[in-house]
Structures are given as structure tokens and as C-alpha cells.
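The values are calculated or read from the model by the stated rules, or taken from the named source; none is laboratory data. Predicted, not measured: the structure shown is a model, and the values here were computed from it. FYI the Cβ positions are ideal-geometry reconstructions off the backbone, even for glycines, and counts take in every protein chain you see.
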Amino acid sequence: MNKETKTYTIRVEKLTDLNPSVKLFRLKFQKPFVFKAGQFAMLHLQGEDGEPFKRAYSIASSPKHKDWIELCIRKVAEGLATSILFNLREGDSLKLSGPLGKFHLKANVQNDVVFVAGGTGIAPIRSMLDTLPLAQLKNNFYFYFGINTLDDFLFQDELKKFEPLKNFKLILVVGNDPRWKGDKGFISEAVMRKHTPDLSNKEVYMCGPPGMIRFIKAYLPNLGAKPEQIHIDAWE
Ligand SMILES: Cc1cc2nc3c(=O)[nH]c(=O)nc-3n(C[C@H](O)[C@H](O)[C@H](O)COP(=O)(O)OP(=O)(O)OC[C@H]3O[C@@H](n4cnc5c(N)ncnc54)[C@H](O)[C@@H]3O)c2cc1C
């Protein structure tokens, strides 16, 4: 842990169901919690046997808010932490440490930026997007968002607000949903080649499950991305 990492007692202020398996947790601090968009927090929990354990969650809200954060959490079947978290009620208290992690935007990046997220991997990207004055920036922003079905299209209304911007493009890739007529399956090399064929001058920020990250990281060099341009938040 670095010196900015502290332990806090927080209160569950608001719970919102984003879909049947994903909840947004708004957690309230008693003193300011300062972090960079892209970082994560560690929740301190206790199993039924009384054993303490911790789980990491990316901060999904903007660093502009200093007295609360939001976490966007998917329920995992038989998951130790998520079974506890999905039983929390508004008003409950919890211990949290943070901020942690080096996954954050380079300052004043001039290059085009490619965000890639799978499912709840949108969490740190949502936080990053909120810090960017997109309308005033000259560089282009692409966001590949991989989801299973359209019911997993988290923060749809917020993302729609970026649609009028000429320098922002959302590329939704939907695994399997007959309602979807756009890109289907995984965020494959073919899909990326179609929308961003040359990554040699772009910064790539990826977040999501380890399998997705491994799959995409393997083909990025074929599109010209060098290792120093690839920034990864793998949830391993
Ligand atoms: C930096 C970071 C950021 C993250 N951010 C987020 C986020 O924003 N949102 C989010 O939803 N998640 C996030 N995660 C993942 C999160 O930390 C947890 O791993 C996730 O919530 C599952 O925790 P759990 O305790 O409920 O599941 P676990 O109990 O850890 O189980 C995970 C899976 O393993 C299986 N399993 C458990 N024990 C066994 C066993 N003995 N044998 C076989 N299988 C087993 C379970 O059935 C389940 O499928 C992040 C992870 C990291 C590292």
C-alpha cells in the first residue's frame, strides 16, 4: 500500500439495480476520499466463519465527488464477497481502503484514445470519461464496449449523451442478441480493424475479465500498438 492508501468506514448510501445481476453501490465517506479516475478500492469483508477477506472494485464514479464513490458490481454465483455485498442495505457500514492502482489516464494526452471494456469493466472508463472535457479536446475517443446481451448495456443513457460529439465513438459489441444489428460476438481483431485499423498513434485503456484482456492484448500489436501504449486493468 502506498502512503495515499488509507482505511475508511463508509456507509452504503444508495443501492441501484442496473440489471438483474449488476448493482451500483454509492458509498459515503465521512472525510474526503481523493483518487484518480481509473483507480480501485478494496472492500474489507468477513466470511460466515468470521475470517476477514478483501476484494477489489474499480471506482465507477467521477473523482469530482469527494465524499462518495460508486462501485458497479456483478453478482457472481456462489461468490464469497458478492453474496455479502448483494445482501447489504442502505445505511449499512463497511470498511474500505484505497485508492489503489496505477490504471489512470496519462495527463494531457494528445493522441487518440481507445477505451475497451467488458461488462462491469466499464466502471473505471465511466470515471475517466467524466473527467475529460471531450467537447473541448482535439483528439478522438473510441470506446469498445463488449456485452453479452443488450440487457447488459450499463449506463446506456449516460453514454448516449456523448453521441453528438464528433470526437467520440461508441462501438457496442454484443455477444448474442437477435435485437442487435451492429457488431456481434467478441471484441475481435476484425471488429477493431474495422473501426480503428491503425493503433500506432493511439493510447489503449482496457478493463475487464482476464480472459477478455488476454484475448485482445494478443492481437493489439497486429494493429500497430506498442506495449507502452497499452494500459490494462486486469481483474485477476
Ligand atoms: C483491480 C480489480 C478491480 C475489480 N473491479 C471490479 C468491479 O468494478 N466490478 C466487479 O463486479 N468486479 C470487480 N473485480 C472483481 C472482484 O474483485 C471479485 O473478484 C468479484 O466480485 C468476485 O468476488 P466474489 O468473492 O463474489 O467471488 P469469489 O468467491 O472470489 O469467486 C469467484 C469465482 O470463482 C468461483 N470459485 C470460488 N471458489 C472456488 C473454488 N474453490 N473452486 C472453483 N471455483 C471457485 C466462484 O464460483 C466464482 O465463479 C475487480 C477485481 C480487481 C482485481
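Filter segment 50-89 for residues that are among the small types (Gly, Ala, Ser) and more than 6 Å from the ligand (Cβ to nearest atom); which is farthest from the chain's Cα centre (by Cα)? Going through the qualifying residues, I end up with GLY50. Taking every residue in segment 56-76 that is under 19 Å from GLN30 (Cβ atoms) and pairing it with any residue that is of a type in the set (D, E, K, R) and in a strand (DSSP E or B), at least 6 positions away or on another chain, the pairs with Cβ-Cβ distances below 7 Å are SER61/GLU70; ASP67/LYS28; TRP68/GLU13; TRP68/ARG26; TRP68/LYS28; GLU70/ARG26.
Of the residues making up segment 77-89, those that are over 15 Å from LYS54 (Cα atoms) and either loosely packed, with under 12 Cβ neighbours inside 10 Å or free of Cβ contacts under 8 Å to residues at least 24 places away in the same chain (or both) number 4.
This table checks each residue for (1) assigned to a strand (DSSP E or B); (2) closer than 24 Å to ASP233 by Cβ; (3) of a type in the set (A, V, I, L, M).
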residue	(1), (2), (3)
ILE10	yes, yes, yes
GLU13	yes, no, no
LEU18	yes, yes, yes
PHE25	yes, yes, no
LYS31	no, no, no
PHE35	no, yes, no
LEU43	yes, yes, yes
GLU48	no, no, no
LYS54	yes, yes, no
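Number of residues in segment 1-60 that are acidic (Asp, Glu) and closer than 17 Å to PHE103 by Cβ: the value is 1. Taking each residue of segment 206-231 that is at positive phi and looking for partners that are part of a strand (DSSP E or B) and more than 16 Å from the ligand (Cβ to nearest atom) with beta-carbon atoms closer than 9 Å, six or more apart or interchain, yields GLY224/LYS202. Within segment 214-235, being of a type in the set (A, V, I, L, M, F, W, C) and either more than 13 Å from SER200 (Cα to Cα) or in a helix (DSSP H, G or I) (or both) holds for PHE215, ILE216, ALA218, LEU220, LEU223, ILE232, ALA234, TRP235. Every test in (1) modelled with pLDDT of 95 or more; (2) more than 21 Å from GLN156 (Cα to Cα); (3) touching a helix residue (DSSP H, G or I) at 6+ places or on another chain (Cβ under 9 Å) is passed by GLY47 save one, and that test is (1).
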